Structure formats: structure tokens, C-alpha cells
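Everything below concerns the one structure shown next.
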Amino acid sequence: MPIPHTAKGRVERLFQTLQDRLVKELRINNINTIETGNTFLKEVFIPKFNKKFGLTPNKTGDLHRKLTKEEIDNLDSIFSVKNTRVVNNDFTIKFKGNLFQLERIQPVTILQRQEVQIEEHLNKEIKIKYKNKYLNYFKLIQKPPKQKTNPLLLTTHKTNYKVPQNHPWRNFKFGL
């Protein structure tokens, strides 16, 4: 499998090179103990490897860019473990043996069978995200009983709108 030409790719290629070359060099030099291996690494292998592959950087100093305010505010999300799950027909989500029920009112409209992202933060907190919005949910002890009528979506507002009597589609007559 080809490795992409990114900084991560270069590091991965370096590690692959080190794994391939180092193991072969240790075998060729009949090194089979940790102490002789460490001595060989410090005195022979690393100087030889650096002489052959080492480069001086074009620019000196710290070239890392500063984090933006948005990145600083989202560090919990950035460093979280992310998993994808599908919203069940009863608007529950299973994750690591737990069942989470989405609440009826959400910051974004949710349909059944949509994929959401589960974030496991470093403090063990779990958040459910869809379209960059965190969803409202609660943890269930057991699976709820099946209902005959499930809503087809969860919305950002209450769905109690009634069309007024003078609305055009109420007065529509088929051309008979």
C-alpha cells in the first residue's frame, strides 16, 4: 500500500526504513542481546544512518502555527476518539453496550437511519454530534418497548403547526 506524501507519510516511511534496516543490520552483525544492540545503535547504526539520510532543515526555529480561538475552544473534540453510528428507528443509538435516546427537540433536524458521530472525550464524557451540532440525549437503562407510531424526524422546534383555513391548498379544487 503506498504511503501518502505528507509529514505523517515521511515519518511512516522512516519507521519502515528503520524497522527493515535495523533488523537486518542487527542480524548481519550477530547482535542478540539488548545491551550490545543499544551499543551498536548508538555507536554504529545511527551515525551511519544520519550520514546517509540526514538533511539540514531549510528554515530554523519553531515553524508551528499558533492555534486559533476556535481550535482552542474545540480541543476536547479534536482530541476525542470518534466513532460513527446509525440512528435507529426509535431514535436510539447503541455505543459500547450503552443505549442513548435522542430527545425530541434537537439543535438540528434528525431523521431515522442517519449517521451521527460519537465523540469519546479524554475525560470519558460521550457526546453525539451531527452537522457540527451536539445532540440532546439521555442514557437508557433498558431498550424502550416498541411503539406503533414513531415520529419520522426530530426537529429544532415543536411540530404542532396547523395550516390555517384560508391556506391555498385547503381551497384547491380538482378540475372535474
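Observations
- Hey, LYS82 outside any loop (DSSP other than H, G, I, E, B), modelled with pLDDT under 80 and charged (D, E, K, R) or not: no
- With respect to the stated conditions, PRO107 is in contact (Cβ under 8 Å) with a residue 12 or more places away in the chain, in contact with a Ser or Thr (Cβ under 7 Å, 6 or more places away or on another chain) and either in a loop (DSSP other than H, G, I, E, B) or outside the structural domain of ARG85 (by TED's automatic domain parsing) (or both).
- Residue in the range 138-158 that is at pLDDT 90 or above, in a loop (DSSP other than H, G, I, E, B) and out of contact with any Phe, Trp or Tyr (no Cβ under 7 Å at 6 or more places or on another chain) present: no
- Condition check for THR56: among the β-branched types (Val, Ile, Thr) and surrounded by 12 or more Cβ atoms within 10 Å (Cβ to Cβ): no
- Meets criteria (at pLDDT 90 or above and assigned to a strand (DSSP E or B)) for THR36: no
- Looking across the range 96-113, the residues that are exposed (fewer than 15 other Cβ atoms within 10 Å of the Cβ) and within 20 Å of the chain's Cα centre (by Cα) come down to LYS96, GLY97, ASN98, VAL108, ARG113.
- So LEU67, is it outside any strand (DSSP E or B) and among the hydrophobic types (A, V, I, L, M, F, W, C): yes
- The listed residue being on the phi > 0 side of the Ramachandran plot and outside the structural domain of ARG113 (by TED's automatic domain parsing), out of GLY37, GLY61: GLY61
- Residue list for the range 56-113, filter: hydroxyl-bearing (Ser, Thr, Tyr) and closer than 23 Å to LYS146 by Cβ: THR92
- Summed over the range 28-52, residues that are surrounded by 11 or more Cβ atoms within 10 Å (Cβ to Cβ) and either touching a residue at least 40 places away in the same chain (Cβ under 8 Å) or not basic (Lys, Arg) (or both) total 13.
The values are calculated or read from the model by the stated rules, or taken from the named source; none is laboratory data. Predicted model, so just to flag it, every value in this text is computed and none were measured. As a convention, Cβ positions derive from the backbone with ideal geometry for all residues, glycine included, and neighbour counts pool all protein chains shown.
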